[in-house]
Amino acid sequence: MLPRKLIIFDYSGTLSLKSALFGQSDYLMKQLRESGLADLGVTSPGIFWEQIVNPTWMEGSTTEAGYKKVIADRINAILQNVSDDARVNISDAASLFVDSYLSHSRIDGRWQPVLDKLNRHPSVRAIIATDHYAEATGYILQFLEELHIHAVAARAAVAAPGSTAVIVANSADIGFHKDNFRFWGILKNGLDVGGVKGVLLIDDFGCNEQKGNSYSAPEKVEQRKRDTVRLLQHVFSAEVQAIPFIIKDNRNEEAFSELITSTGAIIDRYLVAPDDGR
């Protein structure tokens, strides 16, 4: 049975709040020290973002290179003329940091009943869409397995378009970011979901991930929401309903839990609504 509705979940800041919290300055600094990256010159969050992450983001998030490799390569390039022993130390520190980051990026267990319901619903296709590094796909699939949710990576799902498995669509696997038409075009054609009548999008639009940063400014979050809805409408020629998954304090566990509950109720209503999304 081909799906009639599509439900798209953002990952970091929505399904996984802890992945967003990892980037908070105090916690990030702790991880830089414990991994050994601080000893290699990555001595502040500013250096980490401005000199390591930002220059490597495009390669890391749209290719199979992986987070560990782009971090290590970038540090090697900054330090220059690095000895073989030092390269090993850099590689080890990058691996420790990335493993810690991804291990801390678990899907919150309170999403389990929602995902389980979608897993068993034949007329709905659920997609977890994320701009992320190559290593993240395996971790996300592992987290879903621990929650007893049947899931497959997007590339594997192409071979089984009729499945009700949750799809993990990672930009590093697809080759394009979520704000690119081709990201969604590849999913639409590969998963045979071009005939869906409605799309429900659950996303924090960057608000929960960058507290205190201009990236999370209300006007930018709202613009991101409008742009995403417009893009999905264009790709799927269907009604798109966006549910902003936004909390004022991303360290407030009670607020996060309440938001999952209220979002689950919206999804329940969406599942029983007519196919045109009304």
Problem - Residue check for residue 246: in contact with an Asp or Glu (Cβ under 8 Å, 6 or more places away or on another chain), in a helix (DSSP H, G or I) and more than 15 Å from residue 126 (Cα to Cα) - result: no
Exercise for the section: Sort out which residues of the stretch 227-236 are open to solvent by 80 Å² or more (accessible area, probe 1.4 Å) and more than 12 Å from residue 185 (Cβ to Cβ), and write them in order of number. Expected result: 230, 233
Handout entry: Test for residue 186: is it modelled with pLDDT under 95 and touching a helix residue (DSSP H, G or I) at 6+ places or on another chain (Cβ under 6 Å)
Key = yes
Practice task
Determine whether the stretch 121-139 contains at least one residue that is on the phi > 0 side of the Ramachandran plot and open to solvent by 10 Å² or more (accessible area, probe 1.4 Å).
Solution key: no
Exercise for the section: Having 1 or more residues that are touching a Leu at 6+ places or on another chain (Cβ under 9 Å), touching a residue at least 24 places away in the same chain (Cβ under 8 Å) and surrounded by 14 or more Cβ atoms within 10 Å (Cβ to Cβ) is the bar; report the helices (runs of 4 or more DSSP H) wholly within the stretch 1-90 that clear it. Expected result: 17-21, 25-35, 67-79
Practice task
Check the stretch 104-111 and report whether any residue there is open to solvent by less than 10 Å² (accessible area, probe 1.4 Å) and either of a type in the set (Ser, Thr, Tyr) or out of contact with any strand residue (DSSP E or B) (no Cβ under 6 Å at 6 or more places or on another chain) (or both).
Solution key: yes
Practice task
Residues that are of a type outside the set (Ser, Thr, Tyr) and closer than 25 Å to residue 58 by Cα: find the strands (runs of 3 or more DSSP E) completely inside the stretch 107-206 holding 3 or more of those.
Solution key: 124-130, 166-170, 198-203
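The values are calculated or read from the model by the stated rules, or taken from the named source; none is laboratory data. Quick caveat: nothing in here was measured; it's all calculated off a predicted structure. In this analysis, Cβ positions are derived from the backbone assuming ideal geometry, glycine residues included, and neighbour counts consider all displayed protein chains. For accessibility, only protein heavy atoms count, side chains too; no ligands or nucleic acids. Shrake-Rupley method; radii C 1.70, N 1.55, O 1.52, S 1.80 Å.
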